[in-house]
Amino acid sequence: MDKKSLSHTAWKCQYHIEFIPKYRKKKLYGQVRADVRDIIKTLCNYKGVEIIEGAVCIDHVHLCVSIPPKMSVSDFMGYLKGKSALMIYDRHPELQNKWNKAFWARGYYVATVGNVTEDAIKRYIQEQYDESKEEDGAAFERQ
C-alpha cells in the first residue's frame, strides 16, 4: 500500500515510535489519555501523517505512523511533542509545573517498519494497550 504524491513519487515510509512523559510518570490515564489520543490524531492530520496503529499507555505512547518523505522524523517528533504539550496543558493546567514546562521526556525511540512485519508491530502495540488499560483500571480504582 504505497502512497502517491502529486510529484509522481510513490513512497512507503513507516516508523514505530515510542515516547514517554517526563520522568516516566504514570499520568496518561482517564481523561488525560483520551485527550492525548485526540491531540495526537489532530496534530498528525495537520501534517499529513497517517496513524497506522497507536496506543496511549499509562506511562508511554506507541505509534506506528506513515510520515511523508519530505518530512524528517526528528522534525515531526519535535512538532508533535512540542505542540501536544501545549495543548495538554491547555486542557489540564493542573499537570503543569511552574518551573518546568516540559510534559514529555527528551528523546524518543524510532525504528523503521521493515525487518518486523506491520502486523507484528500492530499486535505488540495492541498488547501494550490492553496491558496498560488493565493498569489504568487498577490505578483508577486506587484513587
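Criterion first (at pLDDT 95 or above, open to solvent by 20 Å² or more (accessible area, probe 1.4 Å) and under 23 Å from G114 (Cβ atoms)) does V73 satisfy it?
Numbers: at pLDDT 95 or above: yes; open to solvent by 20 Å² or more (accessible area, probe 1.4 Å): yes; under 23 Å from G114 (Cβ atoms): yes.
Spelling it out, V73 is indeed at pLDDT 95 or above, open to solvent by 20 Å² or more (accessible area, probe 1.4 Å) and under 23 Å from G114 (Cβ atoms).
Of the strands (runs of 3 or more DSSP E) lying entirely inside region 3-67, not one is found with 1 or more residues being open to solvent by 60 Å² or more (accessible area, probe 1.4 Å) and closer than 13 Å to Q128 by Cβ. Determine if region 69-77 includes at least one residue that is within 18 Å of Q96 (Cα to Cα) and touching a residue at least 24 places away in the same chain (Cβ under 8 Å). No, region 69-77 contains no residue that is within 18 Å of Q96 (Cα to Cα) and touching a residue at least 24 places away in the same chain (Cβ under 8 Å). Among the candidates K83, K22, the residue that is without any contact (Cβ under 8 Å) to a residue 60 or more places away in the chain and of a type in the set (D, E, K, R) is uniquely K83. Just one of the numbered conditions (1) of a type in the set (F, W, Y); (2) over 15 Å from the mean Cα position of the chain (by Cα); (3) over 17 Å from V113 (Cβ atoms) is not true of W11: (3). Inside region 84-127, can you point out the residues that are within 30 Å of K12 (Cβ to Cβ), in a helix (DSSP H, G or I), open to solvent by 30 Å² or more (accessible area, probe 1.4 Å) and at pLDDT below 90? Result: E118, D119, K122, R123, Y124, Q126, E127.
In this entry, H60 passes the filter for residues that are under 23 Å from Y124 (Cβ atoms) and modelled with pLDDT under 95.
The values are calculated or read from the model by the stated rules, or taken from the named source; none is laboratory data. Keep in mind that what you see is a predicted model, and the values were worked out from it rather than measured. We place every Cβ from the backbone using ideal geometry, glycine too, and count neighbours over all the protein chains shown. Heavy atoms of the whole protein, side chains included, go into the accessibility calculation; ligands, DNA and RNA do not. Shrake-Rupley method; radii C 1.70, N 1.55, O 1.52, S 1.80 Å.
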